[in-house]
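Rule-based calculations on the coordinates, nothing more; no lab input. None of these values were measured; they are calculated from a predicted model. Cβ coordinates were reconstructed from backbone atoms using ideal geometry, including for glycine residues, and neighbour counts include every protein chain displayed.
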Amino acid sequence: MASLPLPLRPSVSEPVLPYVVALADDLSGAAETACALGGLVRLSLNAADVAEIAVAHHLVVDLDTRHLPPAEAASAVRTALFAAQAGPPRLLYKKVDSQLRGPLAAEAAAYAEGAEAVVIAPALPAARRTVTGGVVHVDGVPLHRTDGWRAERASAPRSLPEALSALPVRTVPLEVVRSEPAVLDAEFRRIAASGAHPAPDAETDADLDAVVAAALRLGPGFRLLGSGGLAAALGRALPRPATATPPPAPAPAQDGTPLLFVVGTAEPGAVAQIAHLTALGAHHVPLDPADLAAGTIGLPRTAAASALTVLSIDGSAGPRPGAGRALSTALGALAAAYPGRPDLVLTGGETARTTLDALGLRELEPLGEIHHGAVHSRAPDGRHVVTRPGSHGAEDSLLRIAVALRPRLAASTAVA
């Protein structure tokens, strides 16, 4: 993407529009955040870009820390935070997983350094993930009673204070979130004055709007940390430059270009999602995890000749805790070797990152969302790329993405 020109310095009477620097822990979450913020936004895979001096757009950077040991993840956040604060004033946002995966405690502690308080709100109503009583719920079920952590080495935390063990956290009940703004502001101030960080409950987008509004009223000392839902609330709260050019509308890719789906998620629903594509005639290549990790798998000729191909990791033997990064790296390398420079649909943040790393792509231009979490972008080499968190999407998710990129497929489906 071409860099934007530096803006002229505003006069004293002109307000400085608040642009955001968002630090994400994986690529699909970074793309989700970029779309959620709206307006002029740059999505980078290079942590060094945080130090850029241009302020005429939002900057979302994938730090790629989800898989790192806690100390390394904290160091990456700390370095990026220092670089962001060394430049012109910008709002800070920390994107985290709505199911609290990754080295969350270490990253949050690093992000909190120098802040008056961090407002912690990982609710994601669009994906039916809420927070009540300081407990994350998925479809109404407490996170620790779901299988959302099936591929993790540890057990899911029972609450936000447990997940953020490196920080003192105080929950804020819904009745306070939904009270008068002055009441919520006072509660955030009280918690910050005690040396702790507020973690407000939220069940709806309106709840997240109230949380963001309070943090903005209290000033830049109150930093925001949350999921794509909180990022969307921040995007709704920010003013838009009157001269801003709206982002380009997503355009379908050329039908003659191969379309490659790379499914790196361990979610059980991926099997049904892939089945919708095979019903369209897609060539599905399930990959044995052991052979993939050993590097003994090559692309079959039938896959390379197909206009619509799906690469996935065979999960019939169950999840392989701790093996995610190695498998994603091998899967990404295999996808990068696919001939014909295909358009890409990448599910799972690690899979998306390792595939683009293998291709040498360092930024994306977000064009829009096909459905919640499925972000359609354009790469610098012109190809279309869709990223989607592994845990997002209904059974027809991949089908809807295929139809959006290849409209001619709509004649063969019941998708509107």
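A cut-off under 12 angstrom between Cβ atoms defines the neighbours of Ala272, and their net charge, with Lys, Arg +1 and Asp, Glu -1, is -3. Computed about the Cα centre, the dipole magnitude for the range 329-399 is approximately 180 debye when only Lys and Arg (+1) and Asp and Glu (-1) carry charge, each at its Cβ. Across the chain, the fraction of Cα-Cα pairs farther apart than 39 Å, rounded to a whole number, is 17%. Once Lys and Arg get +1 and Asp and Glu get -1 on their Cβ, which of Thr146, Gly228, Thr354 lies farthest toward the positive end of the dipole of the chain? Going by the charge dipole, the pick is Thr354. Here the alpha carbons of the range 20-237 define both size measures, Rg and Dmax, at 15.8, 45 Å. Reported value for the range 259-412: 103 Å³ per residue, from the convex hull of its C-alpha atoms.
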